[in-house]
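Each reported figure results from applying straightforward, stated rules to the coordinates on display, with no laboratory input. Note that the structure is predicted; figures quoted are calculated from it, not measured. A quick note on method: Cβ atoms are made from the backbone with ideal geometry, for glycine too, and the neighbour counts reach across all protein chains shown.
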Amino acid sequence: MSADDATDKSAGISRRAQDVKISVDSVDKIYGMDTDSPTQALKDINLEIYDNEFVSIVGPSGCGKTTLLKCLGDIIPQTAGEINVSGKSAEEVRKNNDLSFFFQEDVLLPWRSVMENVMLPFEIQGADTTEAEARERAQEILKTVGLEGFEDHQPEELSGGMRQRVALARGFVYNPEIFLMDEPFAALDELTRRKMNQELLRIHQEIQKTTVFVTHHISEAVWLSDRVIVLSPRPGEVHEVVEIDIPRPRDESTRHTDAFDEYEEYLTDTVMELDV
Amino acid sequence: MSTKTSMLPSNVKSSFLSTADHYKYPVIFLVAFLGIWTAGVRFYEIPQFILPTPMDIVMSFQGEIGSLTPHTQATLWEAFFGWTVGNLIGITLGAVMAEFAVLKRSIYPYVIMLRSLPVVAFAPLLIIWMGVNTGPILAAATITTFFPSLVNSIAGFSSTDQLTKELMHSLNASRWQVFRKVKLYNAVPYIFSALRISVALAFVGAVVGEWLVGNQGLGYLIIVANNQLNTLLLFRALIIIGVFATAWFGLMMFLERWIVNWGSQASGGATR
């Protein structure tokens with residue numbers, strides 16, 4: 001149903017083509033299969049996410065948002081079903097360095113400087129760029145996230161918001177096909193979160209990459225997304241897919257429109273009803 | 001950390017004061033302790049062969065340095081050998097065991113069991129196997145060093161958190177890359193912890209070894225002093241061990257502060 005909805009409505013600029021980028025087909029995830037009390041985290045998840053689309057996954061805690069994202073990123077294996085990204089399996093995509101995963105915490109390596117942390121993906125992946133090119137690219141992305149001049153600082157010298165921006169830079173520095181973000185701003189205070197949202201809006205505008213964004217923060221989801229997927233808990237199932245029909249580019253003023261309020265209210269009610 | 005505080009003069013002053021504060025209490029305690037010791041010996045007229053005064057002990061070093069040197073060298077060498085070899089093997093094996101879960105699961109329970117046995121219990125066996133020479137001494141120092149080193153090393157190489165592992169996995173890092181770029185760094189504080197703890201243990205191993213089969217060394221001197229009721233000599237040997245062990249320990253602390261500059265020193269719990 002979600003796919004049909006999406007094609008009907010006139011879309012934002014990110015919806016240039018209706019190419020399916022990520023398809024999730026009957027995915028189940030059961031934890032503790034070999035124990036007496038297995039728990040089903042995900043049940044029959046079916047999704048299609050389009051090229052360049054920004055999709056958020058929301059839902060009450062325990063609905064399997066993070067589990068689903070980690071299956072997409074081949075960090076944990078699904079129990080059944082198939083995940084495809086441009087016709088390749090999630091594992092192939094990960095091994096091909098075509099996905100970038102952002103975590104709930106910044107996960108910086110404390111013994112590395114800001115620059116060295118951002119260079120980590122190049123080092124690991126042995127990118128076909130030269131050292132100088134990689135450094136230039138890192139420099140560029142640090143500027144984008146507003147950390148120019150902090151290249152040689154150690155993570156422990158930075159605030160939580162700055163550390164999270166380093167983590168963003170590390171995820172954005174290489175050139176994957178999809179971004180998978182697991183509540184990357186969960187640990188931040190409201191004000192910093194707001195700034196990071198603006199940052200992300202701008203970056204998404206700029207680089208236009210298919211993004212799946214997990215959050216429990218409804219207004220964040222509305223602000224950033226083309227579509228919001230609502231999962232219901234225990235087991236996690238797709239409850240509803242809501243198209244956010246607010247034109248891009250969006251900015252701070254978007255938050256003060258009636259449409260924004262309506263979406264936020266509707267989604268909040270929906271999620272609250274699911275949270276028993 | 002210290003570089004940050006030293007940028008401001010007022011902080012320099014306060015950090016100097018806190019350093020003075022830091023040493024104030026131990027120094028006061030030492031002076032009081034030595035004072036009570038001396039007063040007690042004088043007051044109860046305790047004979048020197050039972051308990052000499054601190055001053056007697058210090059003065060007794062006069063003219064004895066030459067005869068103490070070879071013994072000191074022997075014990076230092078044994079302790080150093082045991083410390084180096086025990087840590088090398090312990091740290092390496094710990095890394096391997098942490099990396100291969102099956103290995104860890106099969107061996108770890110026995111490691112815990114073995115390390116609770118005192119080295120004296122091994123010593124007769126070592127003598128049977130290696131004969132009456134320096135072999136058992138070096139082996140004793142190595143064994144006392146080895147177990148805490150191994151336990152710390154396993155803990156250190158296993159200390160990488162789940163999210164960091166997932167990050168490396170998402171970047172498609174090879175096992176070797178995860179080891180070299182992450183696990184090794186996380187293990188360093190634990191390794192230093194092992195290096196510090198094992199200084200004292202290496203001396204214990206060396207001294208116990210000398211008691212059993214030595215014909216020189218500070219442990220050997222302690223036995224001789226004991227037989228001759230030469231309490232001053234006994235104290236001299238103890239003091240030399242204490243001074244070198246403390247200096248060695250201090251050197252390790254200094255090295256750790258210098259190398260582990262990312263704010264996680266001493267997070268490696270002093271498990272032993």
Peptide-level mean, for B:168-180, of C-beta atoms on other protein chains within 10 Å: 5
message: Sort A:44-56, A:234-246 by the packing proxy (mean of other Cβ within 10 Å over each peptide's residues), most packed first.
response: A:44-56, A:234-246
message: 5 Å is the cut-off here: which amide hydrogens, built 1.01 Å from N in the peptide plane, fall below it relative to A:His239, excluding neighbours closer than 5 in sequence?
response: A:Val230, A:Leu231, A:Ser232
task: Using a 10 angstrom cutoff on alpha carbons, build the Gaussian network for chain B and name the most mobile of B:Ala39, B:Ala139, B:Ala237.
output: B:Ala39
- prompt: Under the classification rounded if a/c is under 1.5, otherwise prolate if a/b is larger than b/c and oblate if not, where does segment A:113-157 fall, given a ≥ b ≥ c as square roots of the Cα gyration tensor eigenvalues?
  reply: oblate
Using θ = phi - 60° and Karplus 6.51 cos²θ - 1.76 cosθ + 1.60, couplings along segment B:104-117 (whole Hz; Gly, Pro as x): 4, 5, 7, 9, 3, x, 6, 4, 4, 5, 5, 6, 7, 7
query: Across segment A:230-238, in residue order, what do the Karplus-derived ³J(HN,Hα) couplings come to in whole Hz, using 6.51 cos²θ - 1.76 cosθ + 1.60 with θ = phi - 60° and x for Gly and Pro?
result: 9, 9, 9, x, 6, x, x, 10, 6
query: Average partner chain C-beta neighbours within 10 Å, per residue of A:103-110?
result: 5
message: Between B:Met253 and B:Tyr110, what is the label-point separation in nm under the 7 Å Cα-to-beta-carbon projection?
response: 3.8
Highest-first arrangement of B:66-76, A:257-267, where packing means the average Cβ count within 10 Å: B:66-76, A:257-267
Estimated FRET transfer efficiency (B:Tyr23, A:Gln125; beta-carbon r; R0 51 Å; 0.05): 0.50
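Ordered by packing density, taken as the mean number of other Cβ atoms within 10 Å over each peptide's residues, highest first, how do B:215-225, B:116-126 rank?
B:215-225, B:116-126
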query: Out of every Cα pair in segment B:201-241, what percent are spaced more than 14 Å from each other?
result: 40
message: Once R0 is set to 22 Å, what does the formula 1/(1 + (r/R0)^6) return for the Cβ-Cβ distance between B:Met59 and B:Val243, expressed as a FRET efficiency to the nearest 0.05?
response: 0.85
Highest-MSF residue in chain B out of B:Asn172, B:Asn133, B:Asn186 [GNM, Cα springs under 10 Å]: B:Asn172
field: Three-way shape label, chain B, alpha-carbon gyration tensor, a/c 1.5
entry: oblate
- line: Dividing the alpha-carbon radius of gyration of segment B:94-231 by 2.2 N^0.38 Å, where N counts its residues, gives 1.38
query: How about segment B:15-103: which GluC sites (Glu not before Pro) there are in a DSSP loop, with at most 11 other Cβ atoms within 10 Å of their Cβ?
result: B:Glu45
task: Would you be so kind as to identify all helices of chain A, as entire DSSP H runs, whose Cα atoms reach 15 Å or more along the helix's own axis and whose mean Kyte-Doolittle hydropathy is at least 0.0?
output: A:114-125
- prompt: Sequence-distant or interchain residues sharing an amide H contact under 5 Å with A:Phe54, placed H: which?
  reply: A:Thr211, A:Asp226, A:Arg227
query: Of the beta bridges DSSP finds with both residues in the protein assembly as shown, what % are antiparallel, to the nearest 5?
result: 55
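Hey, which of these cross-link pairs are over 22 Å Cα-Cα: A:Lys21/A:Lys95; A:Lys65/B:Lys181; A:Lys95/B:Lys181? Provide the component values of the computation, followed by the final result.
Working: A:Lys21/A:Lys95 17 Å; A:Lys65/B:Lys181 30 Å; A:Lys95/B:Lys181 19 Å.
Table pairs above 22 Å Cα-Cα are A:Lys65/B:Lys181.
Using Cα pairs under 8 angstrom and six or more residues apart, how large is the relative contact order of segment B:34-150, in percent?
37
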field: Stokes-Einstein diffusion coefficient of chain A, Kirkwood radius over Cα pairs, 37 °C, 0.692 mPa s, in µm²/s
entry: 170
query: For segment A:40-196, what class follows from the C-alpha gyration tensor (a ≥ b ≥ c being the square roots of its eigenvalues): rounded when a/c is under 1.5, otherwise prolate if a/b is larger than b/c, else oblate?
result: oblate
